[in-house]
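Report on the structure given below.
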Amino acid sequence: AKQVIKNAQAMAQAFVEEGYKLISGGTDNHLMLIDLRSKRVTGKLAEEALGLADITVNKNMVPFDSRSPFLTSGLRVGTPAVTTRGLKEAHMEIIVDLIDEVISGIDNENVVRRVGDKVQEMMKSFPLFSES
């Protein structure tokens, strides 16, 4: 549980350094809510594109959201799954870079595919199950 928090705080810091606005400015728990309005991307579009790149996130409304709950202006990202697989704080910056690459190239299928390939390659070292 302590590593989940460490990873979340490292990830939140990396998002801030990439220019993303986090609701509440950071996190004290396992997840963070990102306001995508400055990126001109809906939460739904980001969720779908990131899913195609094998990165699981959830669209989420943000305070004073003008979009419907079906579109949203935010994204909810958490660290329990990657922490369970063995990733540490140093990996969080890499994950944020991959997420930013997809959001920045949201309309480019080649970018999404390339990020998906990077995700698959990275996660080979962190399998869901060990064969023991």
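The values are calculated or read from the model by the stated rules, or taken from the named source; none is laboratory data. Here the structure is a predicted model, which is why all the values come from computation and not from measurement. Don't worry about glycine lacking a Cβ; one is built from the backbone with ideal geometry, like all the others, and counts go over all protein chains shown. These area figures cover heavy atoms from the full protein model, side chains too; ligands, DNA and RNA do not enter into them. Shrake-Rupley method; radii C 1.70, N 1.55, O 1.52, S 1.80 Å.
Looking only at strands (runs of 3 or more DSSP E) that fall completely inside region 1-98, which ones have 1 or more residues that are more than 25 Å from ASN110 (Cβ to Cβ), in contact with a strand residue (DSSP E or B) (Cβ under 9 Å, 6 or more places away or on another chain) and open to solvent by 70 Å² or more (accessible area, probe 1.4 Å)?
It comes to 74-78.
Could you list, in sequence order, the residues of region 105-120 that are of a type in the set (Gly, Ala, Ser) and free of Cβ contacts under 8 Å to residues at least 60 places away in the same chain?
Hit for region 105-120 is GLY105, nothing else.
From the set of residues in region 26-43 that are more than 11 Å from MET11 (Cα to Cα) and among the small types (Gly, Ala, Ser), which is modelled with the lowest pLDDT?
If we take residues in region 26-43 being more than 11 Å from MET11 (Cα to Cα) and among the small types (Gly, Ala, Ser), then SER38 is modelled with the lowest pLDDT.
Scan region 102-115 residue by residue and report those that are within 20 Å of TYR20 (Cβ to Cβ) and surrounded by fewer than 17 Cβ atoms within 10 Å (Cβ to Cβ).
SER104, GLY105, ASP107, ASN108
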